[in-house]
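A.B. asks: Got a structure for you, questions after.
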Amino acid sequence: MTRDVVIAGAGPVGLALALSLDDAGFGVTLVDPTPEHALANPAFDGREIALTHHAVAQLRAFGAWDDIPDVGKSPLREARVETGRDGARQPLIFDLPDDTPDGVEALGTLVSNHMIRKALFDAAAARPALRLRAGAGVDAIRTRPLSTEVVSGGDTLSARLVVGADGRFSRVRAMCGIGAIVHDFHRSILVCRMAHESPHHHIATQWFDAGQTIALLPVNGGASSLVLTLPDDEIRRLAQLEQSAFNDDIMRRVGNRLGAMRLVSTRHIYPLKAVYAHRFAAHRLALVGDAAVGMHPITAHGFNLGLRGQQTLVAALSNADDPGARAPLRQFEWQHRRDTAPLFAATNGIATLYTRDEAPFMALRRAGLRLAQALPPFRTAVSQMLMDRGAA
């Protein structure tokens, strides 16, 4: 039996795409090497997602938003960007624009990645037409003129379209011979939760200091998510420190800005690499999420972009008799490239500028912050982008 679409990857974007395609009337099978019990109950992975208003509306439409516990939804009321040891004296501040409608009280909402995954999995599991093949990944892909065969766990699945939603190091992308721009920052990220004695007032801080980048993302319960970027060997050292020594090290790094801090979660390490696929579509193939565009996590908005991408794909397919036909896939690729290329380039450029510690770069970023702070229209535009209140 030939399905309309086989999606490789049951992460949050793959699950969202499966739900969107099901809503549009397509027959969908999800394939993922992760065992089903782990997909149904994902473990804490340290990552916090800054959901835009559009993303929240999408989760509501899927029936997933109300399944996320209220304690896991932390409003983001202000974002600050600082640089250098004196950054606290001249931060660049993004808050609610003056024309924000009544009732909108935050730029967005911070939610743990594992909570989003669970809510989307539960929503997908409640759809009888959606099929899940867990515990077996994609072993091979064989294209045919009118279909594509996916070999998974010894079985062969036939589909009119295969979608790679299997992450920035996508096996599907590689199997189909699609290359990618990989921007290796030669650093790693350590993420964890730190409880602290001073309130964060639901303000997120991104601090570019000499030799390190720190983000403190406010979560409920008197804690913040720490996102620390350092050279690989230093990150590995910190991940292995005894807890009290780790607490002392982090307090020194953040300048005691939130008072006494203590580790209250597991620690997780991720390599810092941004990825942009050379193509988002090929013969009866499409790429979404990090398989298409793996953003630098500087804005914590990668999932929002993935949601937009899968929505763009479904919109392109919605009027097509054949979801794997060339015309709708070319439309999707053109639109998604237009939506992502400028943001990818700008984000990488900013990240490179703000992680170079030579004197000219330090002076340039301080001047940039002063200029941006003096331009209210720029700050308003960035705040509106962070909020993304566009229709779901």
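A.B. asks: Kindly write out, for the range 269-278 in residue order, the coupling ³J(HN,Hα) from the Karplus curve 6.51 cos²θ - 1.76 cosθ + 1.60 (θ = phi - 60°), rounded to whole Hz, with x marking Gly and Pro.
C.D. replies: Going residue by residue, I get 10, 9, x, 8, 9, 9, 9, 9, 5, 5 Hz, with x marking Gly and Pro.
A.B. asks: First compute the accessible area of the range 10-58 with a 1.4 Å probe, then give the percent of it belonging to carbon and sulfur atoms.
C.D. replies: Values: 800 of 1450 Å².
Carbon plus sulfur share of accessible area: 55 percent.
A.B. asks: In the range 226-338, what percent of the accessible surface is made up of carbon and sulfur (1.4 Å probe, ligands and nucleic acids excluded)?
C.D. replies: Working: 2440 of 4890 Å².
Carbon-and-sulfur percentage of accessible area, whole number: 50.
A.B. asks: Kindly report the accessible area of the range 1-97 per residue (heavy atoms of protein chains, probe 1.4 Å, no ligands, DNA or RNA), in Å². Walk me through the numbers on the way to the answer.
C.D. replies: On the way: 3670 Å² over 97 residues.
Spelled out: the 1.4 Å probe surface of the range 1-97, per residue, equals 38 Å².
A.B. asks: Along the charge dipole of the range 199-272, Cβ charges K/R +1 and D/E -1, which of 223, 268, 256 sits furthest on the positive end?
C.D. replies: Projecting each Cα onto the dipole axis, the largest value belongs to 223.
A.B. asks: Applying a 10 Å radius around every beta-carbon, put 198-211, 41-54, 163-176 in order of their mean neighbour count, most first.
C.D. replies: 163-176, 41-54, 198-211
A.B. asks: Placing unit charges on C-beta atoms (Lys and Arg positive, Asp and Glu negative, everything else neutral), compute the dipole magnitude of the range 96-198 about its Cα centre in debye, rounded to 20.
C.D. replies: On the way: 13 positive and 11 negative charges, 163 e Å.
Rounded to the nearest 20 debye, it is 780 debye.
A.B. asks: Say the dipole of the range 91-247 comes from +1 at the beta carbon of Lys and Arg and -1 at that of Asp and Glu; which of 107, 211, 146 then lies farthest toward its positive end?
C.D. replies: Positive-end residue among those listed: 146.
A.B. asks: If you roll a 1.4 Å probe over the heavy atoms of the protein chains, what accessible area per residue do you get for the range 239-297, in Å²?
C.D. replies: Details: 2450 Å² over 59 residues.
Ligands and nucleic acids excluded, the figure is 41 Å² per residue.
A.B. asks: Then there's this: Compute the Rg to Rh ratio over the range 160-307 from the alpha carbon atoms, using the Kirkwood formula for Rh, and round to two decimal places.
C.D. replies: A ratio of 1.07.
A.B. asks: Along the Cα→Cβ direction, 7 angstrom out, place labels at residue 155 and residue 142. What is the inter-label distance in nm?
C.D. replies: Reported label-point gap for residue 155 and residue 142 is 1.7 nm.
A.B. asks: Using 11 Å as the cut-off for backbone N distance, which residues of the range 1-28 belong to the label zone defined by a point 7 Å from the Cα of residue 61 along Cα→Cβ?
C.D. replies: Taking a point 7 Å out along Cα→Cβ of residue 61, the residues of the range 1-28 whose backbone N falls under 11 Å are 20-21, 23-24.
A.B. asks: Sorting check: for 254-261, 287-294, 223-230, 307-314, which peptide has the highest mean count of neighbouring beta carbons within 10 Å, and how do the rest follow? Intermediate values should be presented prior to the final figure.
C.D. replies: Details: 254-261: 16.2, 287-294: 28.9, 223-230: 22.9, 307-314: 24.6.
With the highest mean Cβ count within 10 Å placed first, the list reads 287-294, 307-314, 223-230, 254-261.
A.B. asks: Compute the distance from the alpha-carbon center of the range 194-246 to that of the range 132-192, in whole Å.
C.D. replies: 33
A.B. asks: Okay, next question. Please list 122, 248 from largest to smallest accessible area, probe radius 1.4 Å, with all protein chains kept in place.
C.D. replies: On the way: 122 60, 248 100 Å².
From most exposed to least exposed: 248, 122.
A.B. asks: Additional query: Might you report the magnitude of the Cβ-based charge dipole of the range 156-195 about its Cα centre, with Lys and Arg at +1 and Asp and Glu at -1, to the nearest 20 debye?
C.D. replies: Numbers: 6 positive and 2 negative charges, 17 e Å.
Value, rounded to 20: 80 debye.
A.B. asks: Output wanted: per-residue J couplings in Hz (rounded whole) for the range 191-203, from phi through Karplus 6.51 cos²θ - 1.76 cosθ + 1.60, θ = phi - 60°, x for Gly and Pro.
C.D. replies: Coupling constants for the range 191-203: 10, 6, 10, 10, 7, 8, 7, 9, x, 8, 6, 6, 10 Hz.
The values are calculated or read from the model by the stated rules, or taken from the named source; none is laboratory data. This is a predicted model, so every value here is computed, not measured. All Cβ positions, glycine included, derive from the backbone under ideal geometry; neighbour counts span all protein chains shown. Just the protein is used for accessible areas: all its heavy atoms, side chains included, with ligands, DNA and RNA removed. Shrake-Rupley method; radii C 1.70, N 1.55, O 1.52, S 1.80 Å.
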